[in-house]
1. Looking only at the range B:1-19, count how many residues are open to solvent by less than 80 Å² (accessible area, probe 1.4 Å) and part of a loop (DSSP other than H, G, I, E, B).
2. Only one of these is buried (at least 18 other Cβ atoms within 10 Å of the Cβ) and away from chain B (no Cβ under 14 Å): A:Leu60, A:Leu27. Name it.
3. Go through the range B:11-35 and give me each residue that's within 13 Å of DNA strand D (Cβ to nearest atom) and touching a Lys or Arg at 6+ places or on another chain (Cβ under 9 Å).
4. For the range B:23-32, give me the residue count where each residue is among the aliphatic types (A, V, I, L, M) and closer than 20 Å to B:Arg7 by Cα.
5. From the list A:Asp82, A:Asp19, A:Asp58, pick out the single residue that is within 19 Å of the chain's Cα centre (by Cα), at pLDDT below 95 and of a type in the set (Asp, Glu).
6. For the range B:30-57, how many residues are touching a residue at least 12 places away in the same chain (Cβ under 8 Å), open to solvent by 60 Å² or more (accessible area, probe 1.4 Å) and more than 17 Å from A:Val9 (Cα to Cα)?
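The values are calculated or read from the model by the stated rules, or taken from the named source; none is laboratory data. Keep in mind that what you see is a predicted model, and the values were worked out from it rather than measured. Every residue, glycine as well, gets a Cβ built from its backbone with ideal geometry; the counts of neighbours run over all protein chains shown. Calculation scope for accessible area: heavy atoms of the full protein, side chains included, ligands and nucleic acids excluded. Shrake-Rupley method; radii C 1.70, N 1.55, O 1.52, S 1.80 Å.
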Number of protein chains: 2
Amino acid sequence: MKVNSMRDVAAAVRGRRKDLGLSQADLAARVGVSRAWINAVEAGKPSVELDLVLRLLDHLGLRLDLAKPGNLGDVFKGRSVDLDSVLDEYRDR
Amino acid sequence: MKVNSMRDVAAAVRGRRKDLGLSQADLAARVGVSRAWINAVEAGKPSVELDLVLRLLDHLGLRLDLAKPGNLGDVFKGRSVDLDSVLDEYRDR
DNA sequence: AGACAACGTCACCGTTCGTTGACAAGGTGG
DNA sequence: CCACCTTGTCAACGAACGGTGACGTTGTCT
């Protein structure tokens, strides 16, 4: 899921927390933050601290990825092209 | 690139800014933040505001993705294991 | 050498953060 | 019905945010 705004993060956090069957209080205790903060994050509060959010995502087992434009596509492209030439090389032996 | 900490974000931001040939001041003006803040982010300051960071990443053309466990990782795992066994097979010929 | 650009860092300021403890409201189960 | 759990929200507080303007350092060019 692409993250465009704080609202995307908020939805992912709440959704995942419910998937795990945790209350806001449970999660807050595990992450080491206040329940009020979890509630604020889930409500989409824009100005929350990034490191706390990273910690929260980690505890929820949500993976965050950063990619340059065309990077993921290039990686896959590069991979498949290299793979073919490598395999051809071995076939000719 | 997986984001584990603020340091990963910092490195990506600085790297991308340099790739684009922008100074901290140029970038700050475009994003609508102070140069000091850009510098703080690139130094890995943990407590920066998430919405400002999201804006910064957007201006740098860096894509942020959130994924649940087993969503993307398994895909890569399967791929790398298959590649190694295929290459080993050809080596033995 | 001097000039300039870029960056790292600082102090001050007004604003707002996260925590704490509390309360109201909604939902569930016995 | 009552008891309990959960969530949304609030006020007060100390800490720290981001912006501003400035200065020192580093690197490059003439």
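1. The total comes to 2.
2. A:Leu27
3. B:Ser23, B:Gln24, B:Ala25, B:Leu27, B:Ala28, B:Ala29, B:Val31, B:Gly32, B:Val33 - these are the residues of the range B:11-35 that are within 13 Å of DNA strand D (Cβ to nearest atom) and touching a Lys or Arg at 6+ places or on another chain (Cβ under 9 Å).
4. Number satisfying all stated conditions: 2.
5. Of A:Asp82, A:Asp19, A:Asp58, the one residue that is within 19 Å of the chain's Cα centre (by Cα), at pLDDT below 95 and of a type in the set (Asp, Glu) is A:Asp19.
6. Selection size over the range B:30-57: 5.
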